[in-house]
Structure formats: structure tokens, C-alpha cells
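Below you'll find the structure, written out as C-alpha cells, and then a few comments.
The values are calculated or read from the model by the stated rules, or taken from the named source; none is laboratory data. What you see is a predicted model; the values in this text were computed from it and never measured. Note: ideal-geometry Cβ built from the backbone for every residue, glycine included; neighbour counts use all protein chains shown. Accessible surface areas use protein heavy atoms only, side chains included; no ligands, DNA or RNA. Shrake-Rupley method; radii C 1.70, N 1.55, O 1.52, S 1.80 Å.
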Amino acid sequence: GGPFVSWDSKKIVYRRDVMDTSAKVKDYQDLLKEHLVRPSHLEIWTMDADGSNQKQITNLGAASFAPFLHPNGKSIVFSSNYGDPRGRTFQIYRINVDGTGLEQITHGTAFEGFPMFTKDGKRIVFCSNRNGKKPRETNVFVADWVD
């Protein structure tokens, strides 16, 4: 679910959990010993390709992942369970690189994730469990992107 490098190779967009308490660190380390993680609070960040200018983009308190920059460098698409009280349904969102303009793109009841733009920015490719022949079957979709 990330990180991804922008088409011009100048920016990196990624998801990150800030472990700001000893309890969070202990929980993470305990799970890691069992080869597990609990990705419940992942925010979207950007940085320059050299690692400088790290900037938090979202502050949703949800599991946001698989961010991808639009080729114009002005917006990011990502998958998140933001807004789902149970935290089970992931949808695709768009946000400006300055953290404004959050917009939900998909509105289904199935998993929607791993969005990516074509290099010309005219299409979006994503994975979804919609239209599956059996539970959790994932299909790839391509759609025209209209700003």
C-alpha cells in the first residue's frame, strides 16, 4: 500500500502511523513478534525524493493506505476506511496535496483500493471486490478520470 514515487520522480507519497506513546510502541513490538501488525491509524504523508520536506496530508484517524499522486502533482488518491464505524469498508478518496478538499470517490459496500493514475492522468485504475463471483474476489477496474 505504498510508498509510491510520483511520475516525475520528485515526490514520494506514503502512509505512516505515528507511535507517540510507549503503549503504542509496546503494542506494535508485541504484534511484530507474532509477525502481525495492526494498521488501524495510518495517515497519508508526502516528502521530496531525497527524504526532505516530510508533510502530513491527512488527519483522519483511520486506516488510509495505497496513496498515489496525480501526474499534475496537485492531488492524491488513496484507500481508507474513514467514515465506516466498523472500520471494515474501504473506499477511494481524493485530497489536495495541501490537505484540503477531501472527497470520497467510490461509494460502494465492497472493498475499493490501490488506486493509481495513468501517466497522462486521464484514467484511474483500482482494485475492488465488487462484481466478484465469490466473497473477497478482487477485480481490477479502469475508469476515465474527470477533474
**Counted residues, segment 101-125 - those being touching a residue at least 40 places away in the same chain (Cβ under 8 Å) and assigned to a strand (DSSP E or B)** = 6
**Item:** Condition met for residue 76 (open to solvent by less than 10 Å² (accessible area, probe 1.4 Å), in contact with a Ser or Thr (Cβ under 7 Å, 6 or more places away or on another chain) and among the aliphatic types (A, V, I, L, M))
**Value:** no
**Request:** Looking only at segment 3-18, count how many residues are without any contact (Cβ under 8 Å) to a residue 60 or more places away in the chain, touching a Leu at 6+ places or on another chain (Cβ under 7 Å) and open to solvent by 80 Å² or more (accessible area, probe 1.4 Å).
**Result:** 1
**Item:** Failed condition for residue 92, given (1) closer than 22 Å to residue 44 by Cα; (2) in a loop (DSSP other than H, G, I, E, B); (3) in contact with a strand residue (DSSP E or B) (Cβ under 9 Å, 6 or more places away or on another chain)
**Value:** (2)
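Every residue, every condition in (1) more than 17 Å from the chain's Cα centre (by Cα); (2) open to solvent by less than 50 Å² (accessible area, probe 1.4 Å); (3) on the phi > 0 side of the Ramachandran plot, yes or no:
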site: 92; (1), (2), (3): no, yes, no
site: 96; (1), (2), (3): no, yes, no
site: 101; (1), (2), (3): no, yes, yes
site: 107; (1), (2), (3): no, no, no
site: 110; (1), (2), (3): no, yes, no
site: 115; (1), (2), (3): no, yes, no
site: 136; (1), (2), (3): yes, no, yes
**Prompt:** Can you name every residue in segment 1-44 that is closer than 21 Å to residue 118 by Cα and of a type in the set (Phe, Trp, Tyr)?
**Reply:** 4, 7, 14
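Taking the conditions exactly as written (under 26 Å from residue 17 (Cβ atoms), assigned to a loop (DSSP other than H, G, I, E, B) and open to solvent by less than 40 Å² (accessible area, probe 1.4 Å)), does residue 87 satisfy them or not? I'd like the intermediate steps shown before the answer.
Numbers: under 26 Å from residue 17 (Cβ atoms): yes; assigned to a loop (DSSP other than H, G, I, E, B): yes; open to solvent by less than 40 Å² (accessible area, probe 1.4 Å): yes.
In short, yes.
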**Asked** Within segment 61-70, how many residues turn out to be assigned to a loop (DSSP other than H, G, I, E, B) and modelled with pLDDT of 95 or more?
**Response** 1
**Prompt:** Here are some conditions: (1) crowded, with 20+ Cβ neighbours inside 10 Å; (2) in contact with a Leu (Cβ under 7 Å, 6 or more places away or on another chain); (3) free of Cβ contacts under 8 Å to residues at least 24 places away in the same chain. Residue 38 meets all but one. Which one does it not meet?
**Reply:** (1)
**Item:** Residue count, segment 59-73 (criterion: more than 10 Å from the chain's Cα centre (by Cα) and either farther than 13 Å from residue 116 by Cα or open to solvent by 30 Å² or more (accessible area, probe 1.4 Å) (or both))
**Value:** 7
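Being of a type in the set (Asp, Glu) and either within 18 Å of residue 80 (Cβ to Cβ) or in a loop (DSSP other than H, G, I, E, B) (or both) is the filter here; which residues of segment 126-144 pass it?
137
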